[in-house]
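Report on one structure; see the data block that follows.
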Amino acid sequence: MNNTLLEVRNLKKYFPITKGIFSKVIGHVKAVDNISFDIKEGETLGLVGESGCGKTTASRVILRLIESTGGEVSFNGDDVFSLKGEKLRQFRKNVQIIFQDPYSSLNPRLTVGNIIAEGIGAHKIATGAKKKEMVGELLEKVGLSAGYYNRYPHEFSGGQRQRIAIARALSLNPRLIICDEPVSALDVSIQAQILNLLAKLKKELNLSYLFITHDLSVVEHVSDRIATMYLGEIVEIADTEEFYSNPLHPYTVALFSANPSLDLAAKRKPIILKGDVPSAIEPPRGCRFHTRCPVAEGICRIEWPEPKDVSQGHMVRCHLVDKSNPKAPIGIS
Amino acid sequence: MSNSEAILKIKDLKVYFDTDAGVVKSVDGVDLEIKKGTTLGLVGESGCGKSVTCLSIPRLIESPPGRIAGGEIIYKGKNLLELSEKDMQGIRGNDISMIFQEPMTSLNPVFTIGDQIQEVIMLHQHKTSAEARELTLRILKKVGIPSPEIRIDDYPHQMSGGMKQRVIIAMALSCSPDLLIADEPTTALDVTIQVQILDLMRSLQDELGMSILLVTHDLGVVASMASHVAIMYASKIVEYGPVEQIFSNPGHPYTLGLFTSIPVVGRGKRDLYVIPGNVPDPLAFPRGCKFWPRCVFAEDICRSQEPFLENIGEGHTAACHFRGKIDKHLWKEKTNTGSFLNISR
Ligand SMILES: Nc1ncnc2c1ncn2[C@@H]1O[C@H](COP(=O)(O)OP(=O)(O)OP(=O)(O)O)[C@@H](O)[C@H]1O
Ligand code: SF4
Ligand SMILES: [Mg+2]
């Protein structure tokens, strides 16, 4: 059994909305509201959900790029929010991030070599020729030539830039990489290269990933476990196989049904959710999904659904899922 | 199906851009056909020439630097490339509508959405402003905007991405076009909003009988929307046919590569196929078949002679010297990824 690397408990991030010259707080955007999950060593947790549901905010809070409003995160047993000094430096080394946009995430004025070497220098891992050698090895590890050291990001294609970003993330020998939509901006043939590369690195280096995406085909391909997020909350979490064979939350089921399938024989009628995702400023009372849920009942509008563990590792937040006989309240027709 | 009438036929279309670096051949001998009342999915990777193809149909290529260097665009029997600018304007307003790739930039932020749709209506149809407003309300309702009487006076920034895309569709439909050209209409949207928009397009097509040219890079969207598919690579169509044919029996190595390089639910975690190399630079296309540097089947003839679209089945064409011989079985032997192709039962 692998050890738990990252433990997130009841994490919250509220952004205040202010008004007037005294910046009076008139409300909050509840971007992340009480989410909990674990990531084990060598494991990939996929996080799916639509834009604005809080996926990126959650990762930024975990990385301590922004302050949390509540809850705990522990990494390797240490309380992340109280880390200081050397321990904090180690944490920043151990947890890296790769962003969606390989165009804006690399400094255009630095050479590829300097981009990758930045962290190695800052963390005093190596200097001079040794540093250069390390960068060369990293470039080769991600399938680029060591000879690219003195070239600039604009000389590279989207897929190559994403490889540079991956090499930079690897430079500090991290244990966990947060991948925030790392292939969404790439063409399919390039996407395949990057997905294969991430899989290879995971195996070689026993890395863990928090893999954020909106693409249900990609997330199945990469993840060991998957969590669905809606309006700041995790509404379902399960092992990948269980997630795909027995999705329970109506929102997860609707996402599946909306995922354009290649199977022409499955000419199914998609579940079409009404309207848009409501604002996270005044999220709906009761179950946050009830305004769009095709099967919502009276209780859904009033009472907030508690998380239910329906089987080993399968959590769902829905009033209509029966714990003793878990069946999805809505099927894909 | 094969003898139903074509509303649009593109033959050997060439669209070139004169740039400082040289002539960019963005579209270089494209052949396409859209049958009346159906949807053609145009698929290909970034930069292969999909948008330029779309823009050239209503003759919206900016010139200079762009120019149509050859070919024919036959719409309802008339070659659009031979029409006067005045006649073309009539076609643009009444026959052919276009939804552009950048949805957020196609609405003007300083006017209400109602004003923008009314303006389009009044530009192309003889209507008073009261009539135009009435029609606008009807169209907004049709595309599923809730409480259109209130929303009609909204500015674009007051609407979500999905709402804006509905408004753009409303605008494109305001003249009841016979042909709708939709360039990546849902790429910027979330999946649950994407199905709403696709469903809307489908039901409007059923109701109004329009034909659709749908550009997308998502083969799943093609599967759910199109009756025919054209696969574009490096400024040309390399495979064309009914969607069932292309999905169950792809015949061009590039199409086979595309299908095996995407993750498909239920296929498991084995490595995806990677098409080797990169998309060629349009300033320096390889001689012969443009795909040869990346093709596992390439032989000498591929490096010297360019293949053209030819029949490999009922209404199914491929541009490959080994067309008809290459199929998923041979692909499986060659790349060890053939089982990936069992996508259509
Ligand atoms: N105004 C222009 N001047 C010069 N080159 C151009 C111009 N417009 C397009 N091109 C070139 O034409 C080629 C085809 O472009 P096009 O926009 O049609 O691609 P696309 O298939 O629509 O790609 P995407 O999937 O990224 O939208 C590209 O190489 C592009 O750089
Ligand atoms: S013509 Fe040759 S290089 Fe081109 S796709 Fe066919 S086999 Fe490959
Ligand atoms: Mg385009």
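The values are calculated or read from the model by the stated rules, or taken from the named source; none is laboratory data. For clarity, every value in this text was computed on a predicted model and none was experimentally measured. Glycine also receives a Cβ, built like all others from the backbone with ideal geometry; neighbour counts cover every protein chain displayed.
Considering only helices (runs of 4 or more DSSP H) fully contained in the stretch A:207-288, which possess at least 3 residues that are facing chain B (nearest Cβ under 9 Å) and under 25 Å from A:Thr4 (Cα atoms)? Even if it seems obvious, please write down each step before you answer.
Details: elements: A:216-222, A:240-245, A:250-258.
It comes to A:216-222.
Restricting the stretch B:36-65 to residues that are out of contact with any Asp or Glu (no Cβ under 8 Å at 6 or more places or on another chain) and small (Gly, Ala, Ser), which is surrounded by the fewest Cβ atoms within 10 Å (Cβ to Cβ)?
B:Ser63
Does the stretch A:158-165 contain any residue that is modelled with pLDDT of 90 or more and in contact with a strand residue (DSSP E or B) (Cβ under 9 Å, 6 or more places away or on another chain)?
Taking every residue of the stretch A:158-165 in turn, at least one turns out to be modelled with pLDDT of 90 or more and in contact with a strand residue (DSSP E or B) (Cβ under 9 Å, 6 or more places away or on another chain).
Any idea which of (1) at pLDDT 95 or above; (2) surrounded by fewer than 20 Cβ atoms within 10 Å (Cβ to Cβ); (3) under 25 Å from A:Lys200 (Cβ atoms) is the one B:Cys295 doesn't satisfy?
For B:Cys295, the exception is condition (2).
Could you look through the stretch B:111-142, keep only residues that are of a type in the set (A, V, I, L, M) and free of Cβ contacts under 8 Å to residues at least 40 places away in the same chain, and pick out the one that is farthest from B:Thr216 (Cα to Cα)?
Of the residues in the stretch B:111-142, the ones of a type in the set (A, V, I, L, M) are B:113, B:117, B:120-123, B:130, B:132, B:135, B:137, B:139-140.
Next, from what is left, pick out any that are free of Cβ contacts under 8 Å to residues at least 40 places away in the same chain: B:122-123, B:130, B:132, B:135, B:137, B:139-140.
Values: B:Met122: 31, B:Leu123: 30, B:Ala130: 37, B:Ala132: 32, B:Leu135: 30, B:Leu137: 30, B:Ile139: 25, B:Leu140: 25 Å.
Here the answer is B:Ala130.
Could you check how many residues of the stretch A:285-303 are over 13 Å from A:Tyr251 (Cβ atoms) and in contact (Cβ under 8 Å) with a residue 40 or more places away in the chain? Let's see the steps before the verdict.
Here is the first cut: in the stretch A:285-303, the ones over 13 Å from A:Tyr251 (Cβ atoms) are A:285-286, A:297-299, A:301-303.
In the following step, the residues that additionally are in contact (Cβ under 8 Å) with a residue 40 or more places away in the chain were identified as none.
Within the stretch A:285-303, residues that are over 13 Å from A:Tyr251 (Cβ atoms) and in contact (Cβ under 8 Å) with a residue 40 or more places away in the chain number 0.
How about the stretch B:280-326: which of its residues are in contact with a strand residue (DSSP E or B) (Cβ under 8 Å, 6 or more places away or on another chain) and either in a strand (DSSP E or B) or within 16 Å of ligand 1 (Cβ to nearest atom) (or both)?
Hits for the stretch B:280-326 are B:Pro282, B:Leu283, B:Phe285, B:Lys290, B:Phe291, B:Glu310, B:Asn311, B:Ile312, B:Gly313, B:His316, B:Thr317, B:Ala318.
Would you pick out the residues in the stretch A:133-150 that are assigned to a helix (DSSP H, G or I) and either in contact with a Cys (Cβ under 8 Å, 6 or more places away or on another chain) or touching a residue at least 40 places away in the same chain (Cβ under 8 Å) (or both)?
As a first pass, look at the stretch A:133-150 and keep what is assigned to a helix (DSSP H, G or I): A:133-141, A:146-150.
Of everything in the stretch A:133-150, just one residue is assigned to a helix (DSSP H, G or I) and either in contact with a Cys (Cβ under 8 Å, 6 or more places away or on another chain) or touching a residue at least 40 places away in the same chain (Cβ under 8 Å) (or both), namely A:Lys141.
Which is in contact (Cβ under 8 Å) with a residue 40 or more places away in the chain and away from every other protein chain (no Cβ under 13 Å), of B:Val296, B:Val229, B:Val243, B:Val264? Before the answer, list the steps.
Details: B:Val229 fails: away from every other protein chain (no Cβ under 13 Å); B:Val243 fails: away from every other protein chain (no Cβ under 13 Å); B:Val264 fails: away from every other protein chain (no Cβ under 13 Å).
Result of the check over B:Val296, B:Val229, B:Val243, B:Val264: B:Val296.
Counting just the residues of the stretch A:308-321 that are surrounded by 13 or more Cβ atoms within 10 Å (Cβ to Cβ) and either touching a Gly at 6+ places or on another chain (Cβ under 8 Å) or without any contact (Cβ under 8 Å) to a residue 60 or more places away in the chain (or both), which one comes out farthest from A:Thr4 (Cα to Cα)?
Ranking the candidates gives A:His319 first.
If you go through the stretch B:14-27 one residue at a time, how many are out of contact with any Phe, Trp or Tyr (no Cβ under 7 Å at 6 or more places or on another chain) and away from ligand 3 (no atom under 16 Å from the Cβ)? Steps first, please.
Kept after step one, since they are out of contact with any Phe, Trp or Tyr (no Cβ under 7 Å at 6 or more places or on another chain), are these residues of the stretch B:14-27: B:14-22, B:27.
Within this subset, residues satisfying the condition of being away from ligand 3 (no atom under 16 Å from the Cβ) are B:14, B:16, B:18-22.
Count: 7.
Which condition number in (1) within 30 Å of A:Val29 (Cα to Cα); (2) touching a Phe, Trp or Tyr at 6+ places or on another chain (Cβ under 7 Å); (3) surrounded by fewer than 19 Cβ atoms within 10 Å (Cβ to Cβ) is the one that A:Arg288 fails?
Only one criterion is unmet by A:Arg288, namely (3).
Sort out which residues of the stretch B:161-203 are more than 30 Å from A:Glu181 (Cα to Cα) and either modelled with pLDDT of 85 or more or within 16 Å of ligand 3 (Cβ to nearest atom) (or both), and write them in order of number. Please lay out each step first, then the result.
Going residue by residue through the stretch B:161-203, those that are more than 30 Å from A:Glu181 (Cα to Cα) are B:170-180, B:203.
Listed by number, the residues that qualify are B:Ala170, B:Met171, B:Ala172, B:Pro177, B:Asp178, B:Leu179, B:Leu180, B:Ser203.
Determine whether the stretch A:123-135 contains at least one residue that is out of contact with any Gly (no Cβ under 6 Å at 6 or more places or on another chain) and crowded, with 20+ Cβ neighbours inside 10 Å. Working first, answer last.
Just the residues of the stretch A:123-135 that are out of contact with any Gly (no Cβ under 6 Å at 6 or more places or on another chain), to begin with: A:123-134.
Right, trim to crowded, with 20+ Cβ neighbours inside 10 Å and you get none.
No, there is no match, as no residue in the stretch A:123-135 is out of contact with any Gly (no Cβ under 6 Å at 6 or more places or on another chain) and crowded, with 20+ Cβ neighbours inside 10 Å.
Which condition from (1) within 16 Å of ligand 1 (Cβ to nearest atom); (2) touching a helix residue (DSSP H, G or I) at 6+ places or on another chain (Cβ under 7 Å); (3) modelled with pLDDT of 90 or more; (4) within 14 Å of chain A (Cβ to nearest Cβ) is the one that B:Ala223 breaks?
Condition not satisfied by B:Ala223: (1).
Output the residues belonging to the stretch B:4-48 that are within 14 Å of chain A (Cβ to nearest Cβ) and either within 16 Å of ligand 2 (Cβ to nearest atom) or at pLDDT below 90 (or both).
If the condition is that a residue be within 14 Å of chain A (Cβ to nearest Cβ) and either within 16 Å of ligand 2 (Cβ to nearest atom) or at pLDDT below 90 (or both), then B:Gly44, B:Glu45, B:Ser46, B:Gly47, B:Cys48 are the ones that fit.
Can you list the strands (runs of 3 or more DSSP E) found entirely within the stretch B:1-107 that contain at least 1 residues being within 10 Å of ligand 1 (Cβ to nearest atom) and among the hydrophobic types (A, V, I, L, M, F, W, C)?
Details: elements: B:6-19, B:22-35, B:39-43, B:66-75, B:96-99.
Of the strands (runs of 3 or more DSSP E) lying wholly inside the stretch B:1-107, those with at least 1 residues that are within 10 Å of ligand 1 (Cβ to nearest atom) and among the hydrophobic types (A, V, I, L, M, F, W, C) span B:6-19, B:22-35, B:39-43.
Select from the stretch A:6-33 the residues that are modelled with pLDDT under 85 and polar (S, T, N, Q) and write down the one among them that is surrounded by the most Cβ atoms within 10 Å (Cβ to Cβ).
Taking the candidates together, the pick is A:Thr18.
Which residues, counting only those in the stretch A:185-200, are within 10 Å of B:Pro263 (Cβ to Cβ) and either more than 7 Å from chain B (Cβ to nearest Cβ) or under 17 Å from the mean Cα position of the chain (by Cα) (or both)? Spell out the reasoning first.
In the first step, residues of the stretch A:185-200 are kept if they are within 10 Å of B:Pro263 (Cβ to Cβ); the result is A:188, A:191-192, A:195.
Correct list: A:Gln191, A:Leu195.
Quick grid of which residues meet (1) within 14 Å of chain A (Cβ to nearest Cβ); (2) within 13 Å of ligand 2 (Cβ to nearest atom); (3) at positive phi:
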site: B:Val274; (1), (2), (3): yes, no, no
site: B:Ala284; (1), (2), (3): no, no, no
site: B:Arg287; (1), (2), (3): no, yes, no
site: B:Asp300; (1), (2), (3): no, yes, no
site: B:Ser304; (1), (2), (3): no, yes, no
site: B:Pro307; (1), (2), (3): no, yes, no
site: B:Asn311; (1), (2), (3): no, no, no
site: B:Leu330; (1), (2), (3): no, yes, no
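Taking A:Tyr230 as the residue in question, decide whether it is modelled with pLDDT of 90 or more and under 16 Å from B:Thr192 (Cα atoms). Steps first, answer last, please.
Numbers: modelled with pLDDT of 90 or more: yes; under 16 Å from B:Thr192 (Cα atoms): yes.
Yes.
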